[in-house]
Amino acid sequence: MPYFIYNIDPKKQLTYLDNNPNYREAREQARGLRAAQAEDDKGTIKIVFAQNQNEAERLLQATREAPVIGDD
């Protein structure tokens, strides 16, 4: 399964950038994209591990519950 790289803008719109089967290469590519972003670009570069592009987008758009802190 590949690692998908996306740009997520402040309005939560996903823009597919690339995919890579190797985590280290995907991580380095994402770091390079983050470093190359313009100062006024408020988008977030994310990596997600998924079987296909549809699953990656579903995972990125899913809302997650906030963790409960101190309830151990």
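The values are calculated or read from the model by the stated rules, or taken from the named source; none is laboratory data. None of the values given here were measured: they were computed from a predicted structure. Here the Cβ is made from the backbone with ideal geometry for all residues, glycine too, and neighbour counts use every protein chain on show.
In segment 10-33, what residues are over 11 Å from the mean Cα position of the chain (by Cα) and exposed (fewer than 13 other Cβ atoms within 10 Å of the Cβ)?
Hits for segment 10-33 are P10, K11, K12, Q13, P21, N22, Y23, R24, E25, E28, R31, G32.
Tell me whether segment 62-69 contains one or more residues that are out of contact with any strand residue (DSSP E or B) (no Cβ under 8 Å at 6 or more places or on another chain) and surrounded by 10 or more Cβ atoms within 10 Å (Cβ to Cβ).
So far as segment 62-69 goes, no, none of its residues is out of contact with any strand residue (DSSP E or B) (no Cβ under 8 Å at 6 or more places or on another chain) and surrounded by 10 or more Cβ atoms within 10 Å (Cβ to Cβ).
Could you give every pair whose Cβ atoms fall below 7 Å, whose first residue belongs to segment 48-62 and is closer than 18 Å to P21 by Cβ, and whose second residue is exposed (fewer than 15 other Cβ atoms within 10 Å of the Cβ) and not hydrophobic (A, V, I, L, M, F, W, C), counting only separations of at least 6 or pairs across chains?
Note: pairs meeting the criteria are Q53/Y16.
Out of the residues in segment 34-61 meeting the condition of being within 13 Å of the chain's Cα centre (by Cα) and polar (S, T, N, Q), tell me which one is surrounded by the most Cβ atoms within 10 Å (Cβ to Cβ).
Q53
In this structure, is Q29 farther than 15 Å from M1 by Cβ and either modelled with pLDDT of 95 or more or among the acidic types (D, E) (or both)? Don't jump to the end; show me each part of the working.
On the way: farther than 15 Å from M1 by Cβ: yes; either modelled with pLDDT of 95 or more or among the acidic types (D, E) (or both): yes.
Spelling it out, Q29 is indeed farther than 15 Å from M1 by Cβ and either modelled with pLDDT of 95 or more or among the acidic types (D, E) (or both).
Mind checking which pairs have a first residue in segment 9-33 that is on the phi < 0 side of the Ramachandran plot and a second that is modelled with pLDDT under 95 and loosely packed, with under 14 Cβ neighbours inside 10 Å, Cβ under 6 Å, 6 or more apart or different chains?
Listed by first residue and then by second, the contacts come to P10/K42.
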